[in-house]
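Participant: For reference, the structure I am asking about is given below.
The values are calculated or read from the model by the stated rules, or taken from the named source; none is laboratory data. Small disclaimer: the values here were computed from a predicted structure and weren't measured. No Cβ is skipped: glycine too gets one built from the backbone with ideal geometry, and neighbour counts run over all protein chains shown. In case anyone asks, the SASA skips ligands and DNA or RNA and just uses the protein heavy atoms, side chains included. Shrake-Rupley method; radii C 1.70, N 1.55, O 1.52, S 1.80 Å.
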Amino acid sequence: MPATKTPPSAKTPVHPGKTGVDLLHNPSLNKGTAFTNEERKKLGLLGLLPPRVSTMDQQVLRLINNVRRQTSDLQKYVEMIALLDRNETLFYRAVQDYIDELMPIIYTPTVGAACQMYAHIFRRTRGLFITKYEKGSIKQALRNWPHKDVRVIVVTDGERILGLGDLGCNGMGIPVGKLSLYTACAGIHPEQTLPIMLDVGTNNEKLLADPLYLGMAEKRITGKEYDALIQEFVAAVQEVFPKALLQFEDFANHNAFRLLEKYRDEICTFNDDIQGTASVTLAGLFSTTRLTKTALKDMKILFHGAGEAAIGIADLIVGAMVAEGLSKKEAMGRCWFVDSKALVESTRKDLQDHKKPYAHKHAPVASLAEAVKVLKPTALIGVSGMAKQFTQEIIEDMSKFNKQPVIFALSNPTSKAECSAEEAYTWSDGRALFASGSPFPPFEYKGKTYVSGQGNNAYIFPGVGLGVVACASKRVTDEMFYEAARTLGKLVTQGDLDTGCLFPPLTKIREVSAHIAAAVMEVAYKRDLAAAPKPKDLLAHAKSRQYQPVYKKYA
Ligand code: NAD
């Protein structure tokens, strides 16, 4: 039979199955209007795109203008996720170029609202959803994922999303957002990331009654049934993606501590809410000691909240104080907690296990304000998820006892912050060393502009992930988070500190992540945890592993 005459683009497809409209609908290969005229001919794209070829810079400009035209942060989020679904390379390039502006859109605080509205703004599926009905076939669900070389998994069961509580299946926005930061901040290849929602139901009545809710409209499973599902899931991950780091995210604290304890010495895993938060906060405290010219071991820290974040931070601080020469007992004695009921102290009979080691001998104290007066701490760290708890009275008291009171209002999203940057600086007469969980804009007070830092876990977990992946570490250890904190602290310049910022600018995040990855690898090699041969230059190796959001050239 004579061959049918076809145009060259269709006759000799350069990427079989990845030409024409299929190519434009493939987010990892699509370049949109940036396909050159030559590529358009070769790849069956003739007529499928507006005629004028854009550069990537022009595409980024078009995108950022579009984002800025949106009238709410949630709409900006929707615009960004639509881009991620359409053209992944451009998404990561734009996030990299406009990290200060776009990180609060793709992650905290906007991701909180995006999760609350997940079922209502849903357009296209992303990630894997596993429920109790997949019991017995979780491996099969994992095998349905199109990419086989998965290296980082973020999994949530949606029970404690940021400070917003049980959002059930709506919590999927968190693993999606977090993994996009692994790529944007550290350069983990997007195809090596996998977001997972373990939908075990929800106890959120509002969601259960919402006809548009996309998760299992059933109460949460608990106890043995829950543990068996987790166990099957963990074993399935080990079998299907043996090289993957498994990050547990936004589990309620009654499960988070347990699961971390159960799996940390068995598989390559960590909990960012506990360990990542601890590391970034410790880095912030190291920065404050450079300003106060004291040592960490001289600090007395009062936590508002005694959950995952608070206990995780305290445990790492204790390790750091011990490294500075204190005994463990002395170091623990420097960390105090107020939970939803009162000061955590030894006469209390209602304490959960994770609080007990910090229940020091002390008379009962009913409130945070009273605890501040009695304990006279050098630092106040808010991680209760309760807004506006750092009142004027409390910050004024902190400023009486301390020349430079350390005030970290870490609860997320912004609506849950214990106080704003403006309040911290005004009530302390400009003396507070302030950091927050969600970003605050620069604030001018008495002629000085304060650029407060965000104690953003994104300074830590992407770099830790890159380090673990780059040396194929079998475990993630607390020592790695301690070294990550030290490394981050060292990267804060005097110029950063002079503006009141306790962290490096986010614009340096890729460099920061590479340094943290190198520090993490150093620990892995020292502790004989790395499966990959040791490279000569760890920093160069980390950098060489970073995915770059640049377009492929089609020959
Ligand atoms: P969690 O649920 O484990 O702990 C919350 C703790 O707050 C519990 O101990 C609870 O008893 C206590 N609490 C509740 N109401 C209180 C009240 N009225 N007074 C005092 N204590 C009260 O949650 P978590 O993982 O520890 O997170 C807490 C907050 O910290 C969240 O808002 C989260 O977004 C934020 N966080 C911030 C960062 C960051 O900025 N880098 C990282 C992790 C968590």
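Participant: Which residue is most open to solvent (accessible area, probe 1.4 Å), if the candidates are limited to segment 315-342 and must be out of contact with any Pro (no Cβ under 7 Å at 6 or more places or on another chain) and within 11 Å of the ligand (Cβ to nearest atom)?
Facilitator: Lys341
Participant: Does Val523 satisfy the condition of being free of Cβ contacts under 8 Å to residues at least 60 places away in the same chain, on the phi < 0 side of the Ramachandran plot, outside any loop (DSSP other than H, G, I, E, B) and open to solvent by less than 30 Å² (accessible area, probe 1.4 Å)?
Facilitator: Taking the combined requirement at face value, the residue satisfies it.
Participant: Pairs only if they're at least six apart or on different chains, beta carbon under 6 angstrom, first in segment 350-361 and open to solvent by 70 Å² or more (accessible area, probe 1.4 Å), second away from the ligand (no atom under 11 Å from the Cβ); list them, first residue then second.
Facilitator: Note: pairs meeting the criteria are Lys361/Ser346.
Participant: Quickly run through segment 418-433 and pick out the residues that are closer than 20 Å to Thr449 by Cβ and open to solvent by less than 10 Å² (accessible area, probe 1.4 Å).
Facilitator: Cys419, Ala421, Ala424, Tyr425, Ser428, Ala432
Participant: If you go through segment 25-69, how many residues are touching a Phe, Trp or Tyr at 6+ places or on another chain (Cβ under 7 Å), touching a residue at least 60 places away in the same chain (Cβ under 8 Å) and not in a helix (DSSP H, G or I)?
Facilitator: The qualifying residues number 2.
Participant: Determine if segment 383-391 includes at least one residue that is away from the ligand (no atom under 16 Å from the Cβ) and surrounded by fewer than 24 Cβ atoms within 10 Å (Cβ to Cβ).
Facilitator: Step one: filter segment 383-391 for residues away from the ligand (no atom under 16 Å from the Cβ), giving none.
Checked segment 383-391: no residue is away from the ligand (no atom under 16 Å from the Cβ) and surrounded by fewer than 24 Cβ atoms within 10 Å (Cβ to Cβ).
Participant: Here's a follow-up. Would it be correct to say that Leu506 is touching a residue at least 60 places away in the same chain (Cβ under 8 Å) and out of contact with any Ser or Thr (no Cβ under 9 Å at 6 or more places or on another chain)?
Facilitator: Yes.
Participant: Quick check on segment 162-174. Is at least one of its residues within 14 Å of the ligand (Cβ to nearest atom) and charged (D, E, K, R)?
Facilitator: The answer is yes, given that some residue of segment 162-174 is within 14 Å of the ligand (Cβ to nearest atom) and charged (D, E, K, R).
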